[in-house]
Amino acid sequence: MHDGPDNANQIAHTKERVCFWITSCHNECGRHQQQRMDADLAKLVTPDQLSQFRRSKPVQAAIMVIGSTSDGLRTLGQEEYVSVRDYLMMEIACSVKSDNPKH
């Protein structure tokens, strides 16, 4: 291995290229992170949307079904089951998101 000026220039050039690659990678990662954050923000459910959901006819029907089956003596049909399932899944999802704002 030569310790001459050509070798020192090559090392300096390689070091500059590595620094450039690192900077370029950080910039690209930052851009992707911002895009993901923007996409996540667009997916959030607003309080108005949640209120509108809770006042909707399917939700009211699901709540009525839950109330009418609280004694455990009534069998649900497929439509009632799906309505109650969807309502409960949405309530659970909203509850988890409000309890843990990172998700």
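Seen from a random direction on average, the alpha-carbon convex hull of the chain projects onto 12.4 square nanometres. Between CYS25 and MET37, the simple label model (points 7 Å from Cα in the Cβ direction) yields a spacing of 2.2 nm. Helices assigned as whole DSSP H runs in the chain whose Cα atoms extend at least 18 Å along their own long axis and whose mean Kyte-Doolittle hydropathy is -1.0 or higher are found at 78-99. Summary of packing: across the peptides 60-70, 30-40, the per-residue average of other C-beta atoms within 10 Å ranks them, highest first, as 60-70, 30-40.
Model label points for MET89 and THR46, set 7 angstrom from Cα along the Cα-to-Cβ axis, are 2.5 nm apart. With N the number of residues in the range 1-43, Rg(Cα) / (2.2 N^0.38 Å) evaluates to 2.00.
Bear in mind these aren't lab numbers, they're just calculated from the coordinates by the rules spelled out. All values reported here derive from a predicted model rather than from experimental measurement. Note that we place each Cβ from the backbone using ideal geometry, even for glycine, and neighbour counts take in every protein chain shown.
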